[in-house]
Amino acid sequence: MVEVKIGRLRLANPVMAASGTFGYGEEYNRLFDINSLGAIVTKTITLKPRIGNPPPRIVETPSGMLNSIGLENKGLDDFLKTRAQPLKRLKTKVIVSIAGETAQELKILTGRVSSSGAADAIELNLSCPNVKGPGMAARDVEAARKIVKAVRKAVKLTLIAKLSPNVTDIAEIAKAVEDAGADAVSLINTFPAMAVDINTQRPILGNATGGLSGPAIKPIALKMVWDAYNAVKIPIIGIGGIMSAQDAIEFILCGASAVQVGTANFINPKASLEIIEGIEKYLKKKNLKDVNELIGRLRIWPR
Amino acid sequence: MKQIKTKIISNRLIGPMCYHMVLEAPSVARAIKPGQFIHVRCSDSFEPLLRRPFSLHRKNGGRIEILYKVVGSGTEILSRRQSGEAVDVLGPLGNGFAPKLSTLNSQLSTILVAGGMGVAPLVALAQELSKKKTQKLRVLIGACSKSRILCEEEFRALGAEVSISTEDGSKGAKGLITDRLNFLLSTLNSQLSTIYACGPNAMLKALSRIANAKRIPCQVSLEERMACGVGACLGCPVKVKAGEYKMVCKDGPVFDAEEIAW
């Protein structure tokens, strides 16, 4: 049994595609049946269209990559017009990622996305490192609490708050959004980072800085999931450099009820399928009937 | 689009840091068109992490060929791969050249402009155009010096009239490829020409200005750093005149030159 629950959302398995790495599912659905995934999290949408950051937007770094997309998206109206219908036809769960500069904007977004029927849940992107405004909320306990509270009032759907690693104490933020009514937290988003070209003496990214993802961030992400798990009761969705079933199981042992696969999609689009299969094999090998038995099962060394 | 394990048939050095690789990939070969690309996992580990995009260089039955220059860790690893080894390939990806083949007018001329490694996708296009034999195929190859001129014989074997230029004058005419293009256009009825080009951005920009001034249709194949290669991550933008970004991987890599905000 690999079914897990996130709020009121029942996922056939704990593996989702992470926001910003999977579009709205359309491209990868041509390569394999994305209904095999536990859920997909859409590219973040904002109220108004955003043109995004100037190129280059991508640079490879040791065991990772930086991206600086800048939340490029065509805005809410276009989402409702062109994306909502195809998303509704998917059998997998659809988590729509949203970002906004004010609580008011987020309320409009959540309201209209939920009434479209295209979303099974909302992921509140409080943590994009590449834009001003929407990226700030998850760095401040009170701002995070206020925003989640406002959105919570506007939406009945399962509400997931996506947290930034760029904080002193992630447990404190996780606790604040739990108190404010979030059904789950997903963590972590990318780390603010840079790459430099010494020949041109310029930053490689057009936006100078970007967000670091990939295997390089996994150990830090694991620790943050573990910290959050010890602070909150709501489910945690683990994110950060998950490339294989082993990585995913490490996150589940540290307290994640589910995981999101991001950067791995670029290298191996079928990584999530292999991860689901690998988790099932692992359960069998360990004589476990249910993946839920693994959540937070990490056995700390005796002192 | 497919993700398949292909077998390396050969991988050999053909110029300074330049390699030619043949892959056995029947399902991709059947579908891929000139100007489209494949996204290659250079190693089986996560070092380097990302795939590398390579445009179709030639098609030969169930085999596809790529031409690449070693510029970083990915291509360096690829250059050391041996025949018989398996390589993970995603493709075909993107939109290729849209050659205008409808008219049988012998006055028509198709001009391929290749700067440096820009020969890679244009050989595939010449291969396709040569099958139709409807119009004169003229190829301009330009590079900094003689050793960087690639694929001259391939183009000739496909029936093209080839003109070479090098910046240092070590082979062909001395000067920029755009000077050669201007010279060629002065001898032709430019109203009946079409240009297909690939090369460094500065060259494509200059060429686009020439084509625009003479109102010659011009398609260019662009390069950009890519992550997903399929249009999901929005990591490879190019600004278009409409003021927005298009993705090189999904909307391109071949664009009408007049569409790009150079």
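No value in this document is a laboratory result; all are computed from the given coordinates. Remember, predicted model here, so these are calculated numbers, not experimental data. Neighbour counts are summed over all protein chains in view; Cβ atoms, including those assigned to glycine, are modelled from backbone coordinates with ideal geometry.
Tabulated data
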{"read-out": "Qualifying residue in region B:160-171 (condition: within 17 Å of residue B:116 (Cα to Cα), more than 22 Å from the chain's Cα centre (by Cα) and among the aliphatic types (A, V, I, L, M))", "value": "no"}
{"read-out": "Region B:3-19, residues that are of a type outside the set (A, V, I, L, M, F, W, C) and surrounded by 15 or more Cβ atoms within 10 Å (Cβ to Cβ)", "value": "B:3, B:6, B:11, B:15, B:19"}
{"read-out": "Residue, nearest to the other protein chains (Cβ to nearest Cβ), within region A:36-63, restricted to residues that are assigned to a loop (DSSP other than H, G, I, E, B), in contact (Cβ under 8 Å) with a residue 24 or more places away in the chain and among the aliphatic types (A, V, I, L, M)", "value": "A:37"}
{"read-out": "Options A:267, A:237; residue that is within 15 Å of residue A:16 (Cβ to Cβ), touching a strand residue (DSSP E or B) at 6+ places or on another chain (Cβ under 9 Å) and either within 14 Å of chain B (Cβ to nearest Cβ) or buried (at least 24 other Cβ atoms within 10 Å of the Cβ) (or both)", "value": "A:237"}
{"read-out": "Which numbered condition residue A:251 misses (of (1) in contact (Cβ under 8 Å) with a residue 60 or more places away in the chain; (2) crowded, with 24+ Cβ neighbours inside 10 Å)", "value": "(1)"}
{"read-out": "Residue among A:66, A:71 that is touching a residue at least 12 places away in the same chain (Cβ under 8 Å), on the phi > 0 side of the Ramachandran plot and in contact with a strand residue (DSSP E or B) (Cβ under 7 Å, 6 or more places away or on another chain)", "value": "A:71"}
{"read-out": "Matching residues, region A:272-294, being within 14 Å of chain B (Cβ to nearest Cβ) and either farther than 20 Å from residue A:93 by Cα or buried (at least 23 other Cβ atoms within 10 Å of the Cβ) (or both)", "value": "A:272"}
{"read-out": "Residues satisfying the stated conditions in region A:13-31, i.e. out of contact with any strand residue (DSSP E or B) (no Cβ under 8 Å at 6 or more places or on another chain) and either surrounded by fewer than 20 Cβ atoms within 10 Å (Cβ to Cβ) or not in a loop (DSSP other than H, G, I, E, B) (or both)", "value": "A:26, A:27, A:29, A:30"}
{"read-out": "Positions within region B:49-65 being closer than 14 Å to residue B:25 by Cα, part of a loop (DSSP other than H, G, I, E, B) and out of contact with any helix residue (DSSP H, G or I) (no Cβ under 6 Å at 6 or more places or on another chain), in sequence order", "value": "B:61"}
{"read-out": "Residue ID - nearest to the other protein chains (Cβ to nearest Cβ), chosen from residues in region B:208-256 that are among the hydrophobic types (A, V, I, L, M, F, W, C), part of a helix (DSSP H, G or I) and surrounded by fewer than 23 Cβ atoms within 10 Å (Cβ to Cβ)", "value": "B:210"}
{"read-out": "So residue B:90, is it among the aliphatic types (A, V, I, L, M) and away from chain A (no Cβ under 13 Å)", "value": "no"}
